[in-house]
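Below is one structure, written out as structure tokens; the observations come after it.
The values are calculated or read from the model by the stated rules, or taken from the named source; none is laboratory data. Worth saying up front: this structure is predicted, and the values here are computed from it rather than measured. All Cβ positions, even for glycine, are placed from backbone atoms using ideal geometry, and neighbour counts span all protein chains on display. Just the protein is used for accessible areas: all its heavy atoms, side chains included, with ligands, DNA and RNA removed. Shrake-Rupley method; radii C 1.70, N 1.55, O 1.52, S 1.80 Å.
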Amino acid sequence: MANIFSGIKPSGDLTLGNYIGAITNFVKLQDEHNCYFCVVDLHAITVPQDRADLKKRTKDIAALYLACGIDPKKATVFIQSEVPAHTQLGWLLECNTYIGELNRMTQFKDKAQKNGTDGLTSGLYTYPVLMAADILLYDSNLVPVGDDQKQHVEIARDIAVRFNNKYGETFILPETYAHKVGARIMDLQDPTKKMSKSDNDKGCILLLDDPKIIHKKIMSAITDSESIVKFDKENKPGISNLLTIYSKITNLTIEELEGKFVNANYGEFKKALADELVTFITPIQNRFNEIRNSKELDDILDEGAMIANQYANRKVQKVMKKIGLIRK
Ligand code: AQP
């Protein structure tokens, strides 16, 4: 049985990209492994957040984890800021991470290139180290993430190797667990760019979108002028992205879908996809509405925080001892 850790930050409302890229693997892995699934609220504050939105979204994401099929009897579900060992270990690891390594992180580089570094926080720059702490704290063997997060799992591994070499065996070396297809769902309006919760507009399907909005967003997705439903990422990124989404929510293969829509035009294909999406998302939304304001959700998060704190505190004490942060 492996240890699994992953999290999603409440920097926006959950997207279909988060679901397909990450949550489907959370649900799959919980049956056979020791799983810790977290709402990483401390990562969200690396960019400015409205207090009330942050509070609301943190619980929304926890409720959506459950609504999407994470079972609290199988997995520990908790909020990152309720387990102080994450920030404790984050600092200990920052003192074992080089500035050159952080300079290579593409997410920060992209944001800095787009807007310059003025107004960017040092938290945004060092957040990969906090993410390394999240992962290493639970002796995680596997980290289910989408494509964009692979580099951050790699730096966690590099930090773990360095720490182990310096202080003796302390950390398990984590590996990424990602889909072959669906590890990067693209924006519906710009299929060369990742669907992202902080760019919530027509290009992004939210798990809590109204069915009418879902229809509208799918029907207005950018495609191409060929009108052939065929997977070709290079030349037909829009249709290929829609085929990937279709395949992921129905379990039909891309080839089966190409066959099914061989005589269809893009309008017919998009309508069928929108219908499937609504059928797929409606039970998730119903379950979300049942649990979002229930006592059940708070009980699950209280219990999750207790279990996570027990594991994480033991681990951080071990790490401190290795470093020499010990009085007796
Ligand atoms: N478009 C995507 N396709 C596949 N997987 C995705 N993930 C995010 N977008 C896609 C995966 O979802 C998990 C949670 O991500 P996160 O919230 O920690 O941060 P992120 O990767 O930066 O996600 P967003 O939605 O793009 O957030 P913002 O806009 O706030 O930066 C991760 O496993 C991620 O790979």
Going by what's in this entry, would ILE218 be described as surrounded by 19 or more Cβ atoms within 10 Å (Cβ to Cβ) and either farther than 29 Å from ILE70 by Cα or hydrophobic (A, V, I, L, M, F, W, C) (or both)?
yes
Please verify whether GLU234 is at negative phi, outside the structural domain of GLY69 (by TED's automatic domain parsing), without any contact (Cβ under 8 Å) to a residue 12 or more places away in the chain and in a loop (DSSP other than H, G, I, E, B), treating the condition exactly as stated.
yes
Among the residues listed as ILE218, ILE245, ILE222, ILE300, the single one being within 25 Å of ALA62 (Cα to Cα) and either not in a helix (DSSP H, G or I) or not assigned by TED's automatic domain parsing to the domain that holds GLU169 (or both)
ILE245
Only one of these is within 10 Å of the ligand (Cβ to nearest atom) and open to solvent by 20 Å² or more (accessible area, probe 1.4 Å): ASP210, ASP199, ASP224, ASP232. Name it.
ASP199
Count of residues meeting criterion [surrounded by fewer than 21 Cβ atoms within 10 Å (Cβ to Cβ), under 20 Å from LEU124 (Cβ atoms) and within 13 Å of the ligand (Cβ to nearest atom)] in the range 12-57
8
Just to verify a result, which residue in the range 163-189, among those that are free of Cβ contacts under 8 Å to residues at least 40 places away in the same chain and under 30 Å from PRO237 (Cα atoms), is nearest to the ligand (Cβ to nearest atom)?
ASP187
Output the number of residues of the range 1-11 satisfying the condition of being in contact (Cβ under 8 Å) with a residue 40 or more places away in the chain and within 13 Å of the ligand (Cβ to nearest atom).
7
Selection from the range 118-160 of residues that are assigned to a helix (DSSP H, G or I), open to solvent by 30 Å² or more (accessible area, probe 1.4 Å), within 14 Å of the ligand (Cβ to nearest atom) and free of Cβ contacts under 8 Å to residues at least 24 places away in the same chain
GLU154
Restricting attention to the range 289-328, which residues are open to solvent by 40 Å² or more (accessible area, probe 1.4 Å) and in contact with a strand residue (DSSP E or B) (Cβ under 6 Å, 6 or more places away or on another chain)?
ILE307
Please work out if ILE205 is among the hydrophobic types (A, V, I, L, M, F, W, C), within 14 Å of the ligand (Cβ to nearest atom) and crowded, with 19+ Cβ neighbours inside 10 Å.
yes
With criteria (1) at pLDDT 95 or above; (2) over 18 Å from ASN3 (Cβ atoms), ILE159 comes up short on (2)
